[in-house]
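Structure, as structure tokens:
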Amino acid sequence: MPEELDDVLGAFTKQIESRFQMPLDQLRHAVTAAPTANPEATTVAHWYGLLEGAQEALSSAEDQLLAALDHAPVGDLADPVMALADRVNTLVAVRDGRALVVRHLLDDTAPGKSTPGPWRGAARTGPALTTTPVARPAVVPSVPVRGGGR
């Protein structure tokens, strides 16, 4: 696994352990034993597990692609090699998406979290814009219609 990604997973691990005040392995066991006890912990542990699985699949696909590239003729990539490259691209997107979910779950200030804001129905103090009613004429004079009236 690339060192940079180890740092990212390590940073997530530290954040999770700090938030729930226990090592990640213990948190996983606790969540497995009582999944409804702390829904936030259950969700975070679930998505972190999905992130780890996506990273493992990506690492494996990258290794397969590198091996295929080592044996491919120079300048001409066959369809199987291109298919492996496409698989790596797809797995990168999956891994990055799961990392975004974990980051969102750990961010207390993210939209949709418990912090009140305009997106969560914050207390309203009045209208956003001050408006005045449109003045309407009291009586509209009757205007005869030309050319009609038979």
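The values are calculated or read from the model by the stated rules, or taken from the named source; none is laboratory data. What you see is a predicted model; the values in this text were computed from it and never measured. Note: accessible area is taken over every heavy atom of the protein model, side chains too, but ligands, DNA and RNA are not part of it. Shrake-Rupley method; radii C 1.70, N 1.55, O 1.52, S 1.80 Å.
For segment 8-96, which whole-number percentage of the solvent-accessible area (1.4 Å probe, protein heavy atoms only) is attributable to carbon and sulfur atoms?
59 percent
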Per 5 Å bin, what percent of the C-alpha pairs of segment 1-63 does each bin hold, from zero upward? 4, 17, 26, 22, 15, 9, 5, 1
Expressed in square angstrom to the nearest 10, the accessible area of E40 with a 1.4 Å probe stands at 80 Å²
What length, rounded to one decimal in nm, is gained on full extension from A37 through to D70, with 0.36 nm per residue of separation minus their alpha-carbon distance? 6.8 nm
